[in-house]
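The values are calculated or read from the model by the stated rules, or taken from the named source; none is laboratory data. These numbers come from a predicted model, not from an experiment. As a convention, Cβ positions derive from the backbone with ideal geometry for all residues, glycine included, and neighbour counts pool all protein chains shown.
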């Protein structure tokens, strides 16, 4: 009977971002895709290892791929012997080509599930269980990367020749850069694989925004698929939705930049697509555009998935909610900041945004359908910290200095659970700019934000012109009695909670453009 093999890679992020050069990160991302997914049709130059190429060469007559995407595949073989032969042969090829990459292949014999009505679903579950067991059994070991006669690079491995580097760079660009260039043709977006292109004439503005986006509840939706065909179709739809959301958000944002710069030629918007694997996205752009582009992608995921569910009835079985949601983390760093650290920080921020999902309860007391965004401006090599809170008066009163993470798909400025709207936040930033609030007032306010509630109140009572700022905040956040001196004050059971709204605004002002993106408000309404 048939045998199924599940091909996956462990510690993907460490492999992708192990080098300091961005082009090497792009190359490593492509390596993982090529050895774990079906990339038939991509010209690899005849020398690179790929799963598609290996199967085509050694198992040409068989229908091999059952499902493929998101950094893994399930492949079908006619016999158990063929499965064992594939594991041994393909593992050897990958090990020789990429000795520092951790490839895992699990096998399941179809004969074990004879008579099972949900055979394919249970085969898939066992494939994942066996792969997890293999990963749990792994041991730390040293591998010989060179024999000491080659010139080595910064990772300690043999340095690639110029021909190899040129070929690998071409493959990397083919995988993402060329796709983005084709889909974004006609825009002023410049796709680049060099962080040096983000360096500007004025050194103070040479910052990048590293965007990481991850879908919500993907595991639950995948588990609803019963057959390999359903899984394959669902995976392809998810990949299509997320890629379309990215492209549409970039086009809309580019158009908004053109609309706002009608009387002068604006510079190109630099963009580097690093990772696009199912619902996992990593992009790099200029810092002043990163937060808004990330928010635009999340909005488009909602809009596109909502439309897809209306036209593709089968999606309703796997996506029970009205639309798909996701979370985003954006780390804002200088262009020469260690890239791996910037990605790790963005991932931590995305994880922190996901934690906010559990503060919003749905009608059935499950996790709510919501999209959140969080960001951090990192001047040093530090991981994204948790929202800074301070307890005073013997830990009875509580001071919260950040309103992030912010919810993208929220109409109310503030929810009862203390969740703030991204749209309200952006509106507040716009009003502060539009009303031309004194920059000296804002700078003085920064010095008083962490000095305690009494000092904060005194600043607004004594500082001339501060009433204008208070009025702007109250206009955006509804003028509620809870909004006191541009902070949210709530009586709690053991004391009072003070949430400072302006801290995040002041921090991000230099790194946000507040573009009027066409179509977002009208199309994002439920």
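Suppose we filter 105, 123 for residues that are within 21 Å of residue 230 (Cβ to Cβ) and in contact (Cβ under 8 Å) with a residue 40 or more places away in the chain; which single one remains? Full working, then the answer.
Numbers: 105 fails: within 21 Å of residue 230 (Cβ to Cβ).
That would be 123, the only listed residue that is within 21 Å of residue 230 (Cβ to Cβ) and in contact (Cβ under 8 Å) with a residue 40 or more places away in the chain.
How many residues are without any contact (Cβ under 8 Å) to a residue 12 or more places away in the chain and over 20 Å from residue 477 (Cα atoms) if we restrict to the stretch 431-460?
Within the stretch 431-460, the first condition is being without any contact (Cβ under 8 Å) to a residue 12 or more places away in the chain, and the residues that meet it are 434, 436, 439-440, 443, 447-448, 451, 454-455, 458.
From what's left, over 20 Å from residue 477 (Cα atoms): 439-440, 443, 447-448, 451, 454-455, 458.
Within the stretch 431-460, residues that are without any contact (Cβ under 8 Å) to a residue 12 or more places away in the chain and over 20 Å from residue 477 (Cα atoms) number 9.
Just checking, how many residues over the stretch 206-234 are touching a helix residue (DSSP H, G or I) at 6+ places or on another chain (Cβ under 8 Å) and either closer than 30 Å to residue 513 by Cβ or part of a helix (DSSP H, G or I) (or both)?
The total comes to 18.
Please give the number of the condition residue 418 fails out of (1) surrounded by fewer than 18 Cβ atoms within 10 Å (Cβ to Cβ); (2) out of contact with any strand residue (DSSP E or B) (no Cβ under 8 Å at 6 or more places or on another chain).
That leaves (2) as the condition not met.
Residue by residue, here is whether (1) modelled with pLDDT under 70; (2) outside the structural domain of residue 489 (by TED's automatic domain parsing); (3) surrounded by 14 or more Cβ atoms within 10 Å (Cβ to Cβ) holds:
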site	(1), (2), (3)
342	no, yes, yes
348	no, yes, yes
351	no, yes, yes
357	no, yes, yes
368	yes, yes, yes
371	no, yes, yes
380	yes, yes, no
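Determine whether the stretch 301-310 contains at least one residue that is under 15 Å from the mean Cα position of the chain (by Cα), assigned by TED's automatic domain parsing to the domain that holds residue 347 and closer than 29 Å to residue 199 by Cα.
There is no residue in the stretch 301-310 that is under 15 Å from the mean Cα position of the chain (by Cα), assigned by TED's automatic domain parsing to the domain that holds residue 347 and closer than 29 Å to residue 199 by Cα.
Can you tell me which of 263, 202 is under 28 Å from residue 333 (Cβ atoms) and either modelled with pLDDT under 95 or in contact with a strand residue (DSSP E or B) (Cβ under 6 Å, 6 or more places away or on another chain) (or both)? Outline the logic, then answer.
Details: 263 fails: under 28 Å from residue 333 (Cβ atoms).
Of the residues listed, the single one that is under 28 Å from residue 333 (Cβ atoms) and either modelled with pLDDT under 95 or in contact with a strand residue (DSSP E or B) (Cβ under 6 Å, 6 or more places away or on another chain) (or both) is 202.
Can you tell me which residue is farthest from the chain's Cα centre (by Cα) among those in the stretch 485-507 that are crowded, with 16+ Cβ neighbours inside 10 Å and without any contact (Cβ under 8 Å) to a residue 60 or more places away in the chain?
485
Listed residues 193, 172; which is modelled with pLDDT under 90, outside the structural domain of residue 280 (by TED's automatic domain parsing) and buried (at least 20 other Cβ atoms within 10 Å of the Cβ)?
Working: 193 fails: outside the structural domain of residue 280 (by TED's automatic domain parsing).
Only one candidate passes the filter, namely 172.
Could you say which residue among 9, 87, 49, 42 is outside the structural domain of residue 194 (by TED's automatic domain parsing), more than 23 Å from the chain's Cα centre (by Cα) and either modelled with pLDDT of 90 or more or crowded, with 22+ Cβ neighbours inside 10 Å (or both)? Spell out the reasoning first.
On the way: 9 fails: more than 23 Å from the chain's Cα centre (by Cα); 49 fails: either modelled with pLDDT of 90 or more or crowded, with 22+ Cβ neighbours inside 10 Å (or both); 42 fails: either modelled with pLDDT of 90 or more or crowded, with 22+ Cβ neighbours inside 10 Å (or both).
Answer to the selection: 87.
Could you list all residues from the stretch 435-464 that are in a loop (DSSP other than H, G, I, E, B) and either loosely packed, with under 14 Cβ neighbours inside 10 Å or touching a helix residue (DSSP H, G or I) at 6+ places or on another chain (Cβ under 7 Å) (or both)? If you could, list the steps in order and put the result at the bottom.
Step one: list which residues in the stretch 435-464 are in a loop (DSSP other than H, G, I, E, B), which gives 435-438, 449-452, 463-464.
Those that are in a loop (DSSP other than H, G, I, E, B) and either loosely packed, with under 14 Cβ neighbours inside 10 Å or touching a helix residue (DSSP H, G or I) at 6+ places or on another chain (Cβ under 7 Å) (or both): 435, 436, 437, 449, 451, 463, 464.
Working carefully through the options 426, 403, find the one that is outside any loop (DSSP other than H, G, I, E, B), assigned by TED's automatic domain parsing to the domain that holds residue 489, at pLDDT 85 or above and surrounded by 14 or more Cβ atoms within 10 Å (Cβ to Cβ). Let's see the steps before the verdict.
Numbers: 403 fails: outside any loop (DSSP other than H, G, I, E, B).
It is 426.
Can you find, within the stretch 465-477, the residue that is surrounded by the fewest Cβ atoms within 10 Å (Cβ to Cβ) among those that are over 33 Å from the mean Cα position of the chain (by Cα) and closer than 14 Å to residue 500 by Cα? Please lay out each step first, then the result.
Taking the stretch 465-477 first, the residues over 33 Å from the mean Cα position of the chain (by Cα) are 465-471.
If we keep only those that are closer than 14 Å to residue 500 by Cα too, we end up with 469-470.
Numbers: 469: 23, 470: 16.
Restricting to residues being over 33 Å from the mean Cα position of the chain (by Cα) and closer than 14 Å to residue 500 by Cα, the top hit is 470.
Regarding residue 480, is this residue touching a helix residue (DSSP H, G or I) at 6+ places or on another chain (Cβ under 9 Å), assigned to a loop (DSSP other than H, G, I, E, B) and closer than 15 Å to residue 416 by Cα? Give the derivation first.
On the way: touching a helix residue (DSSP H, G or I) at 6+ places or on another chain (Cβ under 9 Å): yes; assigned to a loop (DSSP other than H, G, I, E, B): yes; closer than 15 Å to residue 416 by Cα: yes.
So residue 480 passes the test.
Quickly run through the stretch 510-526 and pick out the residues that are over 19 Å from residue 413 (Cβ atoms) and modelled with pLDDT of 85 or more.
Listed by number, the residues that qualify are 510, 511.
In the stretch 412-422, is there at least one residue being modelled with pLDDT of 70 or more, more than 20 Å from the chain's Cα centre (by Cα) and assigned by TED's automatic domain parsing to the domain that holds residue 305?
The initial filter retains those residues of the stretch 412-422 that are modelled with pLDDT of 70 or more, namely 412-422.
Remaining after also requiring more than 20 Å from the chain's Cα centre (by Cα): 412-420.
Okay, now just the ones that are also assigned by TED's automatic domain parsing to the domain that holds residue 305, so none.
Among the residues of the stretch 412-422, not one is modelled with pLDDT of 70 or more, more than 20 Å from the chain's Cα centre (by Cα) and assigned by TED's automatic domain parsing to the domain that holds residue 305, which makes the answer no.
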